[in-house]
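Q: Input: one structure, supplied below.
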Amino acid sequence: MLSFLKLFIRNVFRNKTFTILNIAGLAIGMACFILIILWVRDELSYDKFNDNAGRICRITFHSRIHGTEGVTPYCPAPLAAALVNDYPEVEKVVRFRHYGKSIIKYGNTSFTEYNIIYADSTVFGVFSIPVTRGNPETALTAPFTVAISESMARKYFGTEDPIDKMLKFDEKADYRVTAVFRDLPAASHMKFSFLPSLYSFNEYKEGLWLNNNFLTYVLLREKSDPAAFAGKMPDLISRYVAPQAVQALGGTWENIVEKGILLEFNVQNLLDIHLNPDIDSGFDTGGDMKYVYIFILIAVFIILLACINFVNLSTARSAMRLKDVGIRKVFGVQRHMLAFHFLMESVLVVIAAYVLAMVITEISLPWFNTLTEKKLSIRFRR
């Protein structure tokens with residue numbers, strides 16, 4: 001083995017240009033492949049941090065009125081109560097409501113904040129958002145209470161305990177901090193740093209089924225069938241929406257339907273939200289599954305091209321070493337040993353290329369994260 005390593009090192013220095021080109025070409029291809037796969041993995045990992053991701057669904061509203069058709073994630077306020085009361089497979093429901101940015105003040109410190117989403121008190125029971133301070137079950141049960149992220153707790157309170165401290169919103173109302181939760185993972189379609197209680201405004205209890213302002217998520221019970229649950233959605237229209245539509249438009253529900261008006265609720269699994277561009281995520285711009293497929297194909301093409309280039313260069317080099325092979329045969333080196341030596345040389349070159357590829361990837365990650373607006377990283381295991 002020692003003689004083989006000496007021979008390998010001697011050949012490397014004898015053909016420095018060839019070796020550098022071979023290693024660099026393969027390393028660049030590997031680095032590009034790794035970066036793209038990191039991006040693909042991140043896109044496919046959205047919302048999987050939730051322990052019950054397979055049981056969490058979002059209700060969407062599909063409408064067609066006077067030729068204008070669309071699907072929105074926003075639903076009416078009374079939908080949540082109807083889902084809990086009428087459908088035994090529904091374990092919990094949570095609503096979100098966005099009222100826009102606010103100027104939040106504590107003492108002499110104030111900032112304009114955008115990631116403010118008002119939520120039901122059940123939010124921590126539906127989503128796996130660890131609460132590090134306060135009681136998650138009662139944190140938002142009272143009006144004018146708020147749960148904040150750990151980063152916001154440091155931003156406003158520093159090393160102080162934020163629990164029971166008061167934050168002033170827009171110089172109008174004081175909200176008492178009742179809980180602190182861990183910052184949401186980057187791979188989450190939800191974006192919020194403040195969760196004020198939804199019960200701070202009377203809109204949460206209005207009975208209008210034709211006014212869609214709330215994002216509504218349900219946690220289905222274990223072993224329940226999401227498809228069967230989705231099949232029951234038309235009952236909501238006939239039971240609750242149709243009477244109010246008739247009252248607002250006049251005539252009968254059958255006449256309204258004959259005019260081409262369509263109103264229906266649909267069910268969307270939590271894991272399908274981020275990569276579905278046809279429906280607004282309700283929080284930020286989502287992704288698109290077709291781009292995931294495109295980048296997977298690009299990654300495969302790049303790594304195949306790098307491998308083909310490596311094989312071609314190695315083949316060209318082997319043709320140049322016929323004299324060396326002949327001399328070693330004269331000295332009694334058997335064919336299988338020659339094959340083993342060539343194979344081991346290729347393995348060492350691949351290992352060197354992989355190490356260089358990881359270095360290139362680490363150096364390129366900050367730039368790649370800026371380009372893709374992500375926080376990708378390589379997790380090295382010991």
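Just so it is clear, none of the values below were taken in a lab; they were calculated from the coordinates. Worth saying up front: this structure is predicted, and the values here are computed from it rather than measured. Note that we place each Cβ from the backbone using ideal geometry, even for glycine, and neighbour counts take in every protein chain shown.
Q: Given an 8 Å cut-off on Cα distances and at least 6 residues of separation, report the relative contact order of the chain as a percent.
A: 27 percent
Q: Say R0 is 41 Å: what FRET efficiency, to the nearest 0.05, do ARG182 and VAL84 get from their beta-carbon distance?
A: With R0 = 41 Å, the Cβ-Cβ based efficiency is 0.90.
Q: If you place +1 on the Cβ of every Lys and Arg, -1 on the Cβ of every Asp and Glu, and leave all else neutral, what size is the dipole of region 53-272 about its Cα centre, to the nearest 20 Debye?
A: With only Lys, Arg, Asp and Glu charged at Cβ, the dipole is about 400 debye.
Q: Please compute the modelled spin-label separation between LYS168 and THR112, points set 7 Å along Cα→Cβ, answer in nm with one decimal.
A: Going from the THR112 label point to the LYS168 one covers 1.9 nm.
Q: Note down the relative contact order for region 53-272 as a percent, whole number, built from C-alpha pairs under 8 angstrom at least six residues apart. List each step's numbers first, then the result.
A: Numbers: 436 pairs, mean separation 74.9, N = 220.
That works out to 34 percent.
Q: Name the most mobile residue of GLU171, GLU89, GLU362, meaning the one with the largest mean-square fluctuation, in a Gaussian network model of the chain with Cα contacts below 10 Å.
A: Among GLU171, GLU89, GLU362, the largest mean-square fluctuation in the Gaussian network model of the chain belongs to GLU171.
Q: Work out the FRET efficiency for MET289 and PHE49 from their Cβ-Cβ distance, taking R0 = 25 Å, and round it to the nearest 0.05.
A: 0.80
Q: Same structure again: If R0 is 56 Å, what FRET efficiency do you get for TYR354 and THR72 from their C-beta distance, rounded to 0.05?
A: 0.70
Q: Pop a pseudo-label 7 angstrom from the Cα along the beta-carbon direction at both ARG154 and CYS307 and give the gap in nm to one decimal.
A: Calculated label separation equals 4.3 nm.
Q: What is the ratio of the Cα radius of gyration of region 53-272 to 2.2 N^0.38 Å, where N is its residue count, to two decimals?
A: 1.12
Q: A follow-up question, please. Put +1 on the Cβ of each Lys and Arg and -1 on the Cβ of each Asp and Glu in the chain; which of ILE308, ALA147, ILE116 then has its Cα farthest toward the positive end of the dipole?
A: The Cα lying farthest towards the positive end belongs to ILE308.
Q: Dipole size in debye (nearest 20) for the chain around its Cα centre, Lys and Arg Cβ +1, Asp and Glu Cβ -1?
A: It comes to approximately 2620 debye.
Q: So for the chain, Kirkwood radius off the Cα pairs, Stokes-Einstein at 37 °C and 0.692 mPa s: how many µm² s⁻¹? Intermediate results must be reported in sequence, preceding the final value.
A: Working: Rh = 25.6 Å.
So the translational diffusion coefficient is about 128 µm²/s.
Q: Give me the net charge for the shell around MET166: Cβ to Cβ below 9 angstrom, other residues only, Lys and Arg +1, Asp and Glu -1. Display every interim value, and only then the final one.
A: Values: positive: LYS165, LYS168, ARG176; negative: ASP164, ASP174.
Summing Lys and Arg as +1 and Asp and Glu as -1 gives +1.
Q: Between ASN202 and ARG379, what is 0.36 nm times their sequence separation minus the Cα-Cα distance? Round to one decimal in nm.
A: 59.0 nm
Q: Under a point spin-label approximation (7 Å from Cα along Cα-to-Cβ), what is the ASN211-GLU362 distance to one decimal in nm?
A: Spacing of the two 7 Å Cα→Cβ label points: 5.7 nm.
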